[in-house]
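Below is one structure; the comments refer to it alone.
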Amino acid sequence: MSHVLDCEMATFRRVLPDLLKDPANHGKYVLIQGDTVDTIWDSIEAALKAGYDRFGVDVFMVKKIVEHEQPLWFSRSLTQCLS
């Protein structure tokens with residue numbers, strides 16, 4: 001069974017080493033849809049806006065370009081989502 005964003009996550013993992021080769025990309029945000037890197041943005045807000053402008057409600061991913069991603073937050077009160 002395929003999960004939403006699996007393709008985008010695989011794309012991110014594949015392109016991250018190349019993105020990190022350019023110091024200008026460090027700390028920026030990459031907009032990905034499917035197996036394609038769309039654009040790179042200075043802020044998550046700008047990347048998300050571009051994603052919604054370009055892709056509407058279609059699946060896309062925005063990820064920060066860093067070598068080791070730090071979780072921003074987590075919750076202990078999560079429940080399993082059944083679909």
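The values are calculated or read from the model by the stated rules, or taken from the named source; none is laboratory data. All figures in this text were calculated on a predicted structure; none of them were measured in a lab. In this analysis, Cβ positions are derived from the backbone assuming ideal geometry, glycine residues included, and neighbour counts consider all displayed protein chains.
Things worth noting here:
- Restricted to the range 7-49, and to residues there that are loosely packed, with under 11 Cβ neighbours inside 10 Å and assigned to a helix (DSSP H, G or I), the residue that is nearest to the chain's Cα centre (by Cα) is Arg13.
- Summed over the range 40-58, residues that are modelled with pLDDT under 95 and among the acidic types (Asp, Glu) total 1.
- Failed condition for Tyr52, given (1) aromatic (Phe, Trp, Tyr); (2) farther than 16 Å from Glu69 by Cα; (3) surrounded by 13 or more Cβ atoms within 10 Å (Cβ to Cβ): (3)
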